[in-house]
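A short write-up of the structure that comes next.
The values are calculated or read from the model by the stated rules, or taken from the named source; none is laboratory data. Computed from a prediction, not measured in an experiment: that's the story for all the values here. Please note: Cβ atoms are built from the backbone with ideal geometry, for glycine as well, and neighbour counts cover all protein chains shown. Ligands, DNA and RNA are excluded from the accessible area calculation, which covers all protein heavy atoms including side chains. Shrake-Rupley method; radii C 1.70, N 1.55, O 1.52, S 1.80 Å.
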Amino acid sequence: MADDSTPVRARKFRIEGTGRMLEALARAINSALKEARATPYRMGLGSVATDDLTIEIEAIPGEDNLRYIPTSIDEAAEVTSGWAEKKRCDECQELVALLLDDAYLETGDGGVICCECYRRIEDGRR
């Protein structure tokens, strides 16, 4: 119990990565925590950037929460690999949506199509 009335919900969070990626993540977390400990509001930012990797961490006050915020639909698809179905445009094969997302157009035969290809086809520019 967090207090006398709020039950604590059990959660599990799994992170996998190469040693280089995990080391960068650890450095960013340590940086954010160090900054948060030095402020009265317990907020802090930490980041690590290399040629091909940027990790940003923000320590925030408030409820006990952990979020991962993807920066693109492709990144979200990679993160949700194994439980979210990828929907690709039938015309250009561009990633349009994930199973949990309904912001795509369905074709007559049950496939999906992105808005750009739909407009192109409707305009007669096949």
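Being open to solvent by 100 Å² or more (accessible area, probe 1.4 Å), part of a helix (DSSP H, G or I), out of contact with any strand residue (DSSP E or B) (no Cβ under 7 Å at 6 or more places or on another chain) and modelled with pLDDT of 85 or more narrows it down to one of R20, R27, so name that one. Spell out how you get there, then give the answer.
Values: R27 fails: out of contact with any strand residue (DSSP E or B) (no Cβ under 7 Å at 6 or more places or on another chain).
Every option except R20 fails the conditions.
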Looking only at strands (runs of 3 or more DSSP E) that lie completely in segment 41-126, which have at least 1 residues being open to solvent by less than 100 Å² (accessible area, probe 1.4 Å) and at pLDDT below 80?
95-98
